[in-house]
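Read through the structure below, which is laid out as structure tokens, and then see the notes.
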């Protein structure tokens, strides 16, 4: 899953979805709870976002930095990389 996290993205932590703007809050009382609540999970939703972005890029000809791809992936700082050979057929 680490390979799918965008370097210097909006959520730079490989374990959770804490945003860059919340980094100064590290070590506070609410920080640990926030990190537990927003932990990164490799689930169907994440995989569907990556597969949809790959469809836009490889089938529709959209650029990697196009608005369609950014709208799908930037909120979780994902990249359109597939880590395994699993192909999702429900798109």
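Quick notes
- Length released on extending from residue 20 to residue 67, taking residue separation times 0.36 nm less the Cα-Cα span: 14.8 nm
- By average C-beta atoms within 10 angstrom, highest first, the peptides 67-78, 28-39: 67-78, 28-39
- Extent of the stretch 2-76 along its three principal axes (Cα atoms, max minus min coordinate, largest first): 46, 22, 18 Å.
Rule-based calculations on the coordinates, nothing more; no lab input. Remember, predicted model here, so these are calculated numbers, not experimental data. Don't worry about glycine lacking a Cβ; one is built from the backbone with ideal geometry, like all the others, and counts go over all protein chains shown.
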